[in-house]
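Okay, structure first, notes after.
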Amino acid sequence: MQLWALLLAIVVVTEQDAKAETLPAAHRAGFVAIVGRPNVGKSTLLNQLLGQKVAIVSPKPQTTRGRILGVLTRPGVQLAFLDTPGLHEGRGLLNQRMVRRAREAMEEADVVLWMLDAVDGVTAEDEALARELAALGPRLCIALNKIDKLKKNDLLPILARLDQLLPGIDVVPISASERLNFAELLCELERRLPESPPLYEADQFTDQTERALVAEMVREQVILQTHHEVPYAVAVTVDRFEDKENVTVIHATIHVERESQKPILIGHKGSKIKAIGQAARREIEALLGRRVYLELFVRVQEGWTKDERRLREFGL
């Protein structure tokens, strides 16, 4: 671990302080896989870096299910971020597929950004993952997230432990929610990228279609407004997406895997599904920049999380 990483734990450098930093003369571009345990802030970081919402966020773990591309184009460099599902013990077919997606992204990426939660410290799961990541060598960079929630001196033991586990690997303390030390993080990532022309058009920020983004925004509201097993047993498909003169008409289906989950989603006299629809519609209107008519349906797909064919149909 370099000395500047330790100093960052004591003095938080603002983005304005880093404006004088110069970028490499040759253009650089490549893929950066964001990996880590569930709920360490990977999707929040991606959204904040892009200034666009491309990944849904919730306090519940395993919200991200697939590999989500977010493209950040800056002068002389283009970073294609891959937000990945949280690395965890993959019990069940759906979880196993999620973990496989994350590991595939690690293998394919030019740079791997490992995120940890500073509040949790270095957990036993983190230590096991560190032993695996050691093989990445200079491809690896570490972001210690949520430093705004700790006293600065409390970071030093965490940084020291990371240095023991992965000596010589750069650690950048950040706060994804507060955008702290983003300039330093980007500098570390950019210098690891290969020299390359841009991989995407300058105005492209994701490869997800509007339909896919809409489906995820509906699922986000289901996660935020339901409890227990329901968020993990839900998939969303968009059945109709039609632009009319003054409104976009969207019909979407929320799929659950048990009959008992359907009334939870609908709520008393339809109150829950109405609340989900209203919140999702506001998010979708902000995304599309136009008025939206959103109608939601609930359908039971028995045991879909254990069915290979259904998982493929839902893009998982």
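The values are calculated or read from the model by the stated rules, or taken from the named source; none is laboratory data. Please read all numbers here as calculations on a predicted model, not as lab measurements. Here the Cβ positions follow ideal geometry from the backbone for every residue, glycine too, while neighbour counts run over all protein chains shown. Accessible surface is based on the protein model in full, side chains and every heavy atom, while ligands, DNA and RNA are left aside. Shrake-Rupley method; radii C 1.70, N 1.55, O 1.52, S 1.80 Å.
If you plug each phi of the stretch 172-178 into the Karplus form 6.51 cos²θ - 1.76 cosθ + 1.60 with θ = phi - 60°, what whole-Hz ³J(HN,Hα) values come out, in order, with x for Gly and Pro?
10, x, 9, 10, 5, 5, 9
For the stretch 37-51, what does the Karplus curve 6.51 cos²θ - 1.76 cosθ + 1.60, with θ = phi - 60°, yield as ³J(HN,Hα) per residue in whole Hz, taken in order and with x for Gly and Pro?
5, x, 6, 8, x, 5, 5, 4, 4, 4, 4, 5, 5, 7, x
Could you list log10 I(q)/I(0) for the stretch 106-234 at q = 0.18 Å⁻¹, which the Debye formula gives when each Cα is one point scatterer?
Evaluating at q = 0.18 Å⁻¹ gives log10 I(q)/I(0) of -1.13.
If I take the Cα coordinates of the stretch 232-316 and project them onto the principal axes, what are the three extents in Å, biggest first?
Computed over the Cα atoms, the extents are 40, 32, 16 Å.
As a check on your grasp of the helix formula, calculate [θ] at 222 nm for the chain: sum -39500 (n - 2.57) over DSSP H runs of n ≥ 4, divide by the residue count, round to the nearest 500. If you can, show how the numbers build up before the last one.
Details: 10 runs with 107 residues, N = 316.
Value at 222 nm, helices only, nearest 500: -10000 deg cm²/dmol.
On a C-alpha basis, how far is the centre of the stretch 235-286 from the centre of the stretch 162-227 in Å? Whole number, if you could?
With the stretch 235-286 and the stretch 162-227 each reduced to a Cα centre, they are spaced 27 Å.
Which one, Lys272, Lys262, Lys151, has the greatest fluctuation when you compute a Gaussian network model over the chain with C-alpha springs under 10 angstrom?
Top of the fluctuation ranking is Lys151.
Just His227, His268, His255 to compare: in a GNM of the chain, with alpha carbon springs under 10 Å, which one fluctuates most?
Answer for the Gaussian network model of the chain: His268.
Cα convex hull of the chain: how many Å³ per residue?
Values: hull volume 45.2 nm³, N = 316.
Dividing the Cα hull volume of the chain by its residues yields 143 Å³.
How would you classify the stretch 145-221 from its alpha-carbon gyration tensor, with a ≥ b ≥ c the square roots of the eigenvalues: rounded for a/c under 1.5, else prolate if a/b is greater than b/c, otherwise oblate? Show your work: numbers first, answer last.
On the way: a/c = 2.73, a/b = 1.48, b/c = 1.84.
It comes out oblate by the Cα gyration axes.
Mind checking which of Gly30, Gly66, Leu82 is farthest towards the positive end of the chain's charge dipole, using Cβ charges of +1 (Lys, Arg) and -1 (Asp, Glu) about the Cα centre?
Gly66
In nanometres, what is the gap between the two model label sites at Val119 and Ala286, each 7 Å from Cα along Cα-to-Cβ?
Each label point lies 7 Å from its Cα, and together they span 2.1 nm.
Per residue of the stretch 291-302, in order, report the coupling 6.51 cos²θ - 1.76 cosθ + 1.60 (Karplus, θ = phi - 60°) as ³J(HN,Hα) in whole Hz, putting x for Gly and Pro.
5, 10, 9, 10, 10, 10, 10, 10, 10, 8, 10, 3
Skip the ligands, DNA and RNA, and give the accessible area per residue of the chain with a 1.4 Å probe, whole Å².
Working: 14700 Å² over 316 residues.
Spelled out: the 1.4 Å probe surface of the chain, per residue, equals 47 Å².
Please give the length that would be gained between Asp163 and Arg258 if that part of the chain were fully extended, namely 0.36 nm times their separation in residues minus their C-alpha to C-alpha distance (nm, one decimal).
Values: separation 95, 0.36 × 95 = 34.20 nm, distance 4.68 nm.
Additional length available on full extension: 29.5 nm.
Taking GluC sites (Glu not before Pro) as exposed when DSSP calls them loop (any state but H, G, I, E, B) and at most 16 other Cβ atoms lie within 10 Å, what is the longest stretch of the chain free of them, the sites themselves excluded? List each step's numbers first, then the result.
On the way: sites that count: Glu21, Glu89, Glu178, Glu201, Glu229, Glu245, Glu259, Glu302.
By the stated rule (loop sites, at most 16 other Cβ atoms within 10 Å), 90-177.
Out of all Cα-Cα pairs in the stretch 163-316, roughly what percent, to the nearest whole number, are more than 19 Å apart?
Percentage above 19 Å: 66.
Could you please state how large a percent of the accessible area of the stretch 210-316 is carbon and sulfur, counting protein chains only and using a 1.4 Å probe?
Working: 2640 of 5490 Å².
The C+S portion of the solvent-accessible surface of the stretch 210-316 is 48 percent.
Largest first and in whole Å, what are the equivalent-ellipsoid semi-axes of the stretch 270-310 based on the Cα gyration tensor, each being the root of 5 times an eigenvalue? Present the calculation step by step, with values, prior to reporting the outcome.
Details: eigenvalues 146, 41, 12 Å².
For the stretch 270-310, the semi-axes come out at 27, 14, 8 Å.
Checking the table Lys272/Lys306; Lys262/Lys306; Lys53/Lys269 against a 29 Å threshold on Cα-Cα, which pairs fail?
Numbers: Lys272/Lys306 26 Å; Lys262/Lys306 18 Å; Lys53/Lys269 32 Å.
Beyond 29 Å: Lys53/Lys269.
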